Amino acid sequence: MNYQILKINISDRIAVVTVSRPAALNALNSDFFKEMNHFLDDLEPRDDVKVLVITGEGKSFVAGADIAEMVNMNSVEGSAFSVNGQHTFDRLENLPIPVIAAINGYALGGGCELAMACDFRIASKLAKFGQPEMNLGLIPGYAGTLRLSKLTGIGNALYLILSADTISADDALRIGLVQKVTEPESLIEETMKIAARIAANSSQSVPVAKMVIRKGVNIDLTESSEFVASEFGKLFDQPATKEGMKAFLEKRKPNWK
Ligand code: CAA
């Protein structure tokens, strides 16, 4: 595919996808979703990519869904636009490999929802967060209502969505919406360091940890504990697990290959 909006760079087991439509502050239109789904179709079967990083070009991460595309939609089209975005974000959340949002600027509306579909978020000090859909007579359409409630608690979700307030990266850190704040110029470097640390871990246990956490928050403690025990046990049949524990006992670094 000839990508027009996504810039894709894959090296050293890390894929970096930059949303690049700076004239519209990287607003998400149908072409973005086509390109992202195409990229995910290519990525899913690959086993040489261990971490995906998503960032934005210019002063914005993503300033929301494309208002110019939505303005003339009717209810059926609006609903389809929402389902299409949700489906794409679910694919990101369910990717076996970790997905990190490196938030360089505005993460508003659908942009904040995209960031929340990632496994964790690292933000530049200059990033701004919010769900400003109320200003448009809308509500968040890409499942941000639920993800924001889960990440930050229902009070913060209601506050942010009902007030349409925009908050700073430090406030986003305080409420658990982001996990780390960096100087603007070191955002990508710091994100890549974390991505590299994850990529260097056992590729057997990283996807299992992600799956167990992701699935575990949607089931009760008993079911979650049984699930963890089963997945924990399965890892003991993996040579990488034996290697990891032996390496510790032999006081050396594990060789995952
Ligand atoms: N959709 C379409 N175009 C957008 C956009 C969006 N979400 N956000 C910004 N743009 C465009 C602007 O229209 C403008 O285009 P022109 O130069 O052609 O006029 C360009 O990007 C630059 O934007 P501004 O001039 O507004 O830049 P600014 O620095 O003055 O303000 C901003 C930045 C505060 C982010 C402001 O652009 C803004 O408020 N954007 C809209 C944010 C928003 O409401 N997002 C939610 C969208 S709805 C949604 O996402 C629903 C959902 O859940 C599915």
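The values are calculated or read from the model by the stated rules, or taken from the named source; none is laboratory data. Only a predicted model underlies this, so the values are computations on that prediction, with no experimental measurement involved. Glycine also receives a Cβ, built like all others from the backbone with ideal geometry; neighbour counts cover every protein chain displayed. Quick note on the areas: whole protein, heavy atoms, side chains included, nothing else; ligands and nucleic acids left out. Shrake-Rupley method; radii C 1.70, N 1.55, O 1.52, S 1.80 Å.
Filtered by the rule that a residue be in a helix (DSSP H, G or I), hydroxyl-bearing (S, T, Y) and closer than 19 Å to P132 by Cα, the range 163-190 gives a lone residue, S163.
Which members of the range 50-62 meet the condition of being touching a helix residue (DSSP H, G or I) at 6+ places or on another chain (Cβ under 6 Å) and of a type outside the set (F, W, Y)? Within the range 50-62, K50, V51, V53, E57, G58, V62 meet the criteria.
For the range 9-20, taking the residues that are open to solvent by less than 60 Å² (accessible area, probe 1.4 Å) and of a type outside the set (S, T, Y), the one that is farthest from the ligand (Cβ to nearest atom) is identified as I14.
Note on the range 156-189: residues that are more than 16 Å from the chain's Cα centre (by Cα), within 23 Å of E93 (Cβ to Cβ) and open to solvent by 40 Å² or more (accessible area, probe 1.4 Å) total 2.
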